[in-house]
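A.B. asks: One structure follows; several queries about it will come next.
The values are calculated or read from the model by the stated rules, or taken from the named source; none is laboratory data. The structure displayed is predicted, hence computed values, not measured ones. Backbone-built Cβ (ideal geometry, glycine too); neighbour counts: all protein chains shown. Please note that ligands, DNA and RNA were not included when accessible areas were found on the heavy atoms of the full protein model with its side chains. Shrake-Rupley method; radii C 1.70, N 1.55, O 1.52, S 1.80 Å.
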Amino acid sequence: PLSPAAVVGAGLGGSATAYFLQQHFGPQVQLDVYEAAGVGGRLATVTVNKQQYESRGASIHALSLHMQDFVKILGLKHRREVAGKSAIFSGEHFVLEETDWYLLNLFRLWWHYGISFLRLQMWVEEVMEKFMRIYKYQAHGYAFSSLEELLRSLGGEAFVNMTQRSVAESLLEVGVTQRFVDDVIAAVLRSSYGQSVLVPAFAGAMSLAGAQGSTWAVEGGNKLVCSGLLKLTKANVISARVTGISLHSSEGRALYQVHYESTEGQGSAFYDLVVLTTPLHPSRSNFTFDNFDPPIADLPGAFQPSVTSVVHGYLNSSYFGFPDPKLFPFTSILTTDTPELFFHAMDNICPVNISAAFRRKQPQEAAVWRVLSPRPLDKPQLKTLFRSYYSVQVAEWPTYPRYDAAKALPPVVLHESLFYLSGVEWVASSMEMTAVAAKNVALLAYNRWHQQLDKIDQKDLMHKVKTEL
């Protein structure tokens, strides 16, 4: 039997991995979860006026089946929806404005962009429909030893190629116009990944699915999923920073020594199985691997710096062409890829606990806005967006991979029972992608441990799953 297992990182990836490992290996598996900062990772909240607000990772797509499951198992609730309209700003004017009337929105999109809008929807739906096969495979216990194999099993070589070419190229190919790509697609990708239409097609499709589907969030904050899963798993959370892993062997099996630093000093512990859920890029962590032959190489790739500013203040609506703030109709502003625009998106955000009596602040009142930008906003930039403000809270971190195409995807298996989760972000970065990858790693670890090789990297799974039913 598997004795102790370690998970490095207690964000969504780490907590979901711990939960799935226990689900497959059974309750007797002893789980240590190492976390240097705080449970929840990037799913953090900030406090403004005694209310908590989501600082990142805010919305979850309706088709996120693992996330839906977590919420159900943990007895959490969906946050109440508060309606609001969005618009796309070019730096001079709004290129697209949402109205209260759904049919008018469709008509406007149709009028402006013709059939592009339909073609986009069909393209995204086709990708999502194939992606949804993963839930069937995972329910039957199938796992994949590489991200390429996982993608291949869902959508063949075409899916693997979608990680190597840009979303712009793929959409132009299916007949979406350049104008639609520049106005709408660029705005969505800026608001989700803080990057241009050169992000890979697969990551782009996932982000666009979120933009046009219905989304939800967890009442009380999305980070409650992480703390909830760790509690449910009864994992032993160790607040320490893991500095490296060295390989030993015992009775022909690999044994991993995890070295860490905590406030008490340095320590280490031995494990049969280790899953790393923090990025292994030299820019993000100075991790050492000892005694591995061949050595474990540094992973290529860089991260996109991204800044979230949570501002409590009065919107300067005249910057957006509305001299009278009472008439400003939007709660969310996306932007096109214009050199002089210093921010990617901004929205009037609601607290993580929404009471029945809650109403959104009127545009002329002080409200809490979340501004996403590539660099911290300076005073003149804040003054451009806000007439005046009470507070600004800034969170700055390398959030998403900098998606430069033509890089191979990172490995999932680093050694016999040493696995890497964060590589999935190079396919697409979302809460559900992380949960899918966590379930895959847990199944992969289980199938390898029990030598069930017929459950790994199987070809023609659609057919196999049908016949198993």
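A.B. asks: D for segment 323-444, whole µm²/s, Stokes-Einstein with Kirkwood Rh over alpha-carbon pairs at 37 °C and 0.692 mPa s: what number?
C.D. replies: Using the Kirkwood radius from Cα pairs, D works out to 179 µm²/s.
A.B. asks: Here's something else I'd like to know. Based on the Cβ-Cβ distance of residue 231 and residue 303, what FRET efficiency does E = 1/(1 + (r/R0)^6) give at R0 = 35 Å, to the nearest 0.05?
C.D. replies: 0.70
A.B. asks: Let me ask you something else. Name the aspartates and glutamates eligible as straight-distance cross-link partners of residue 77: C-alpha to C-alpha under 20 Å, and not fewer than 8 places from it in the same chain.
C.D. replies: The qualifying aspartates and glutamates are 54, 69, 219, 432.
A.B. asks: Another question, if that's okay. What's the lysine pair count for segment 371-469 at a Cα cut-off below 26 Å, pairs eight or more apart or interchain?
C.D. replies: 8
A.B. asks: Can you work out D for segment 1-54 in µm² s⁻¹ from Stokes-Einstein, where Rh is the Kirkwood radius over C-alpha pairs, the temperature is 25 °C and the viscosity is 0.890 mPa s?
C.D. replies: 195
A.B. asks: Quick query: amide H of residue 292 versus all other amide H atoms, modeled in the peptide plane; which residues come in under 5 Å with a sequence gap of 5 or more or a different chain?
C.D. replies: 247
A.B. asks: Give the accessible surface of the chain per residue, rounded to a whole number of Å², with probe radius 1.4 Å and ligands, DNA and RNA excluded.
C.D. replies: I get 44 Å² per residue for this part.
A.B. asks: Also, quick follow-up: Got a sec to turn the phi values of segment 438-454 into Karplus ³J(HN,Hα) couplings, 6.51 cos²θ - 1.76 cosθ + 1.60 with θ = phi - 60°, whole Hz, x for Gly and Pro?
C.D. replies: Rounded to whole hertz, the list is 5, 5, 5, 5, 5, 5, 5, 4, 5, 5, 5, 4, 9, 6, 8, 6, 6.
A.B. asks: If you don't mind, another one. Helix 102-113 sits at what angle to the longest principal axis of the chain, using alpha carbons and giving 0 to 90 degrees rounded to 10?
C.D. replies: 90
A.B. asks: Explain nothing, just the number: relative contact order of the chain, from Cα pairs under 8 Å at least 6 residues apart, as a whole percent.
C.D. replies: Rounded, it is 26 percent for the chain.
A.B. asks: Taking Cα centroids, how far is segment 426-466 from segment 29-48 in Å?
C.D. replies: Each part reduced to its Cα centre gives a spacing of 25 Å.
A.B. asks: Applying the Karplus parametrisation 6.51 cos²θ - 1.76 cosθ + 1.60 with θ = phi - 60° to the phi angles of segment 244-259, what ³J(HN,Hα) value in whole Hz is obtained for each residue in order, glycine and proline being reported as x?
C.D. replies: x, 9, 10, 9, 10, 10, 9, 6, x, 9, 6, 10, 10, 9, 9, 9
A.B. asks: Expressed in whole Å with the largest first, what are the equivalent ellipsoid semi-axes of segment 11-98 derived from the C-alpha gyration tensor as the square root of 5 times each eigenvalue?
C.D. replies: Over the Cα atoms of segment 11-98, the semi-axes work out to 35, 17, 14 Å.
A.B. asks: For residue 250, put the label point 7 Å out on the Cα→Cβ axis and report which residues of segment 1-26 keep their amide N under 14 Å from it.
C.D. replies: 1-6
A.B. asks: Also, I was wondering about something else. Based on the inverse mean of 1/r over its pairs of different Cα atoms, what is the Kirkwood hydrodynamic radius of segment 43-193, in Å?
C.D. replies: It works out to 18.8 Å.
A.B. asks: Report the antiparallel proportion of the DSSP beta bridges in the chain as a percent, rounded to a multiple of 5.
C.D. replies: Around 70 percent antiparallel, to the nearest 5.
A.B. asks: Shifting gears a bit: Please work out the Kirkwood hydrodynamic radius for segment 397-467, using every pair of different C-alpha atoms, and report it in angstroms with one decimal place.
C.D. replies: Taking every pair of different Cα atoms in segment 397-467, averaging 1/r and inverting gives 14.0 Å.
A.B. asks: I've got another one for you. From the residues 38, 323, 28, which one has its Cα farthest along the dipole of the chain in the positive direction, the dipole being from +1 and -1 charges on Cβ of Lys/Arg and Asp/Glu about the Cα centre?
C.D. replies: 323
A.B. asks: Over all distinct Cα pairs, what is the inverse of the mean 1/r for segment 299-340, reported as the Kirkwood hydrodynamic radius in Å?
C.D. replies: 13.7
A.B. asks: Can I ask one more? Mean residue ellipticity at 222 nm from the helices of the chain, using -39,500 (n - 2.57) per DSSP H segment of n ≥ 4 over the full residue count, to the nearest 500 deg cm²/dmol?
C.D. replies: Computed mean residue ellipticity for the chain: -9500 deg cm²/dmol.
A.B. asks: Here's a follow-up. Tell me, how many Å apart are the Cα centres for segment 296-349 and for segment 98-143?
C.D. replies: Here the answer is 24 Å between Cα centres.
A.B. asks: Taking Cα atoms, how many degrees apart are the long axis of helix 116-131 and the longest axis of the chain, rounded to 10 and kept between 0 and 90?
C.D. replies: For 116-131 against the chain, the angle is about 20 degrees.
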